[in-house]
C-alpha cells in the first residue's frame with residue numbers, strides 16, 4: 001500500500017491566503033514562549049471590541065422561537081426588507097434581487113461562480129483582499145489584476161483598468177473601503193469606473209463590507225447609487241460593521257438595468273437554491289442591526305481613528321517605512337524599503353513575535369514591498385508592536 005496516495009486537484013496548487021498562512025508560522029513561534037503581538041487578523045472580537053447586545057438578543061430570541069430549521073434560499077423576508085431599506089438610504093435604486101449568504105465571502109464566490117467560465121477573467125484590485133485570488137484559483141480563472149495608485153491615496157488606476165480589459169473580461173471588482181489600504185474611493189473615480197463598465201458591458205462587483213467604518217468625517221459612496229443602469233452586485237454583511245465575523249452573515253444586492261442583469265441573476269439563483277440557505281436564526285439579527293441602535297458605530301469609529309493615528313505617528317518615525325493615511329475599515333498598508341517583504345515579515349515574526357502580513361499576499365506593483373497591519377488592537381499593543389518593528393527594522397537594514 002506504499003503507493004496509495006490521494007493527490008489533490010490541481011486547482012488547489014494556486015490557492016493561497018496570506019492573512020491566515022502567516023498564522024502557521026506564528027503558532028510555531030508562540031510555542032517557544034515568546035510574547036506574541038497579533039496585527040494580522042481583521043477580527044474585532046479578538047481584541048477589545050464587543051458585539052452590540054441587541055443584536056445578540058435578536059438571534060437568541062429567534063432560537064428560542066424555534067427558528068432553527070431551514071430558511072428560504074435567498075433569506076427571510078424581514079431581513080431582506082431591512083437590507084433593501086439600508087441600500088435605499090445609501091441611494092441605491094433599481095434593485096432587482098437581494099440574497100443572504102454565509103458571510104460576504106460566500107456571496108462573492110457564488111457570484112463569480114455564476115458569472116465566469118474557465119479561461120475567462122475578472123479585473124481584481126491589486127493590492128486587494130486575497131479571498132478573490134483564492135476563489136479565482138478554485139474556479140480556474142485567468143488572473144487579471146489592476147493596480148491601485150499609491151501616489152494617489154491608493155485610488156484605482158483608471159488607465160490600468162482600461163489597459164487590462166480583453167475579450168475574456170467579465171467584471172470589475174471594487175473593494176471600497178479597501179482592504180488592505182483603508183482607502184475610501186472618491187466620487188470621480190467611481191464614475192469613471194461606471195463609464196468603463198458601461199462601455200465594455202461589464203458587471204461591477206462592489207465589496208462594501210466596511211461601508212460604515214469611515215474616519216475624519218469622510219463620506220462613503222456606494223457605486224450603485226451613482227447610476228441606475230449599470231449592473232452592480234453590492235456586497236456587505238454584519239461581520240465588520242456589527243462586530244460579528246464569526247456569525248457568517250453577508251448579502252448581495254443586485255441593481256441596474258433589469259434586462260442586462262436578469263440572465264445572470266437567473267443563473268445565480270440556481271446556485272443559491274442548490275446550497276440551501278444561510279444560517280437561519282442569525283438572519284433575525286439583520287433588522288436589529290440595520291434598523292436598530294447605531295451608537296456602537298460612533299464609538300467604534302472614534303476608537304479606530306485614535307488607533308489609526310497611533311499607527312501613523314509611530315510608523316512616521318521609522319526611516320524607510322511610509323504609510324498612506326487610511327480613511328476607513330481597520331487596516332493600514334505600509335510601504336517598506338526591503339527587497340522581499342515576505343522574508344522581512346517572517347524574520348520580524350521569529351525575532352519579535354509581531355505578526356503582520358506581507359504585502360505580496362495582497363498583490364502589489366513589481367519591485368515594491370509592503371506589509372499590512374490591523375489597527376484593531378489596544379493602544380498599548382500597537383505602541384509595543386511598532387517599537388519592536390522599529391528596533392528590528394534598524395537591525396535588519398544594518399545586516400543587509
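The rows are residues; the columns are (1) closer than 28 Å to residue 62 by Cβ; (2) free of Cβ contacts under 8 Å to residues at least 40 places away in the same chain.
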| site | (1), (2) |
| --- | --- |
| 240 | yes, no |
| 246 | yes, no |
| 250 | yes, no |
| 262 | no, no |
| 274 | yes, yes |
| 281 | yes, no |
| 285 | yes, no |
Checked 74, 126, 102 against criteria (in the same structural domain as residue 197 (by TED's automatic domain parsing) and under 30 Å from residue 150 (Cα atoms)); the one match is 126
Heads up, the strands (runs of 3 or more DSSP E) in region 139-216 (entirely inside) with at least 3 residues that are out of contact with any helix residue (DSSP H, G or I) (no Cβ under 7 Å at 6 or more places or on another chain) are 145-149
In region 274-300, anything crowded, with 19+ Cβ neighbours inside 10 Å and either closer than 28 Å to residue 217 by Cβ or touching a helix residue (DSSP H, G or I) at 6+ places or on another chain (Cβ under 7 Å) (or both) is listed as 281, 282, 283, 284, 285, 286, 287, 288, 289, 290, 296, 300
* **Condition check for residue 254: outside the structural domain of residue 151 (by TED's automatic domain parsing) and assigned to a strand (DSSP E or B)** => no
### Message
So, residue 175, is that one crowded, with 23+ Cβ neighbours inside 10 Å and under 25 Å from residue 90 (Cα atoms) or not?
### Response
yes
Here the residues within region 304-348 that are under 21 Å from the mean Cα position of the chain (by Cα), within 20 Å of residue 395 (Cβ to Cβ) and assigned to a strand (DSSP E or B) are 334, 335
Can you confirm whether residue 184 is over 25 Å from residue 366 (Cα atoms) and in the same structural domain as residue 96 (by TED's automatic domain parsing)?
no
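Conditions tested, residue by residue: (1) buried (at least 20 other Cβ atoms within 10 Å of the Cβ); (2) modelled with pLDDT of 95 or more; (3) in contact with a strand residue (DSSP E or B) (Cβ under 9 Å, 6 or more places away or on another chain).
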residue	(1), (2), (3)
222	yes, yes, yes
233	yes, yes, yes
240	yes, yes, no
257	no, yes, no
267	no, yes, no
- Going by the conditions given, is residue 114 touching a helix residue (DSSP H, G or I) at 6+ places or on another chain (Cβ under 8 Å) and under 22 Å from residue 208 (Cα atoms)? yes
Residue set 191, 201, 163; condition on the phi > 0 side of the Ramachandran plot and more than 21 Å from the chain's Cα centre (by Cα); output residue 201
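The values are calculated or read from the model by the stated rules, or taken from the named source; none is laboratory data. Here the structure is a predicted model, which is why all the values come from computation and not from measurement. Glycine gets a Cβ as well: all are built from the backbone with ideal geometry, and neighbour counts include every protein chain shown.
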